[in-house]
Amino acid sequence: MGYGKLPQTDTELFAALLDSLKDPFLFADTGHTIRYMNSAAVSHYKEGVALIGRSLLDCHNARSSGIIKETLRALEAGEDERLISENETQLIFMRAVRGRDRRLLGYYERYQERTG
């Protein structure tokens, strides 16, 4: 099962859903605190579950942290997703997570494999 706490009533169900994803899923709140990681993320990131509760910004260099901060401002202003990184094999997007009232709760990185 995944690690961390989700703001839902049925944590086990949501953890199982997120653990079914093949790509890492790491949720950070609007203060950049890592709140949740699925099993793929725990395996993917060197420090694993020890990252929960730490700032995502501490895991990135100054340039990447700047991109994350800038993108968070865009998400707060209403954007839902923004491309933040790309290489030969994949695109990485930062995606907003909003409550029913559309208030921004945090964000996660979404991976998309390049094809062709």
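The values are calculated or read from the model by the stated rules, or taken from the named source; none is laboratory data. Everything quoted here is computed from the prediction, not taken from an experiment. Using ideal geometry, Cβ is built from the backbone for each residue, glycine included, and neighbour counts are taken over all protein chains shown.
Run down ILE68, ILE92, ILE84 and say which single residue is in a helix (DSSP H, G or I) and among the β-branched types (Val, Ile, Thr). Before the answer, list the steps.
On the way: ILE92 fails: in a helix (DSSP H, G or I); ILE84 fails: in a helix (DSSP H, G or I).
Answer to the selection: ILE68.
In the range 37-54, how many are surrounded by fewer than 16 Cβ atoms within 10 Å (Cβ to Cβ), without any contact (Cβ under 8 Å) to a residue 24 or more places away in the chain and of a type outside the set (D, E, K, R)? Can you show your working first?
From the range 37-54, those surrounded by fewer than 16 Cβ atoms within 10 Å (Cβ to Cβ) are 43-44, 46-50, 53-54; that's our starting set.
Keeping just the survivors that are without any contact (Cβ under 8 Å) to a residue 24 or more places away in the chain gives 43-44, 46-48, 50, 53-54.
After this cut, where a residue has to be of a type outside the set (D, E, K, R) as well, the list is 43-44, 48, 50, 53.
Residues meeting the conditions: 5.
Can you tell me which of (1) modelled with pLDDT of 95 or more; (2) in contact with a helix residue (DSSP H, G or I) (Cβ under 7 Å, 6 or more places away or on another chain); (3) under 16 Å from GLN112 (Cβ atoms) is the one LYS22 doesn't meet?
Result: LYS22 passes all but (1).
Residues of the range 95-113 being outside any strand (DSSP E or B) and either among the small types (Gly, Ala, Ser) or closer than 19 Å to HIS44 by Cα (or both), which ones?
At the first step, the residues of the range 95-113 found to be outside any strand (DSSP E or B) are 99-103.
If the condition is that a residue be outside any strand (DSSP E or B) and either among the small types (Gly, Ala, Ser) or closer than 19 Å to HIS44 by Cα (or both), then GLY99 is the only one that fits.
Which of the numbered conditions does VAL97 fail, given that it passes all the others? Conditions: (1) farther than 19 Å from LYS22 by Cβ; (2) surrounded by 14 or more Cβ atoms within 10 Å (Cβ to Cβ); (3) more than 12 Å from the chain's Cα centre (by Cα).
For VAL97, the failing item is (3).
Determine the pairs where a residue that is within 11 Å of ILE68 (Cβ to Cβ), located within the range 78-94, has a partner that is of a type in the set (Lys, Arg) with Cβ atoms under 6 Å apart, the partner being 6 or more residues away or on another chain.
Cβ pairs passing all conditions: MET94/ARG82.
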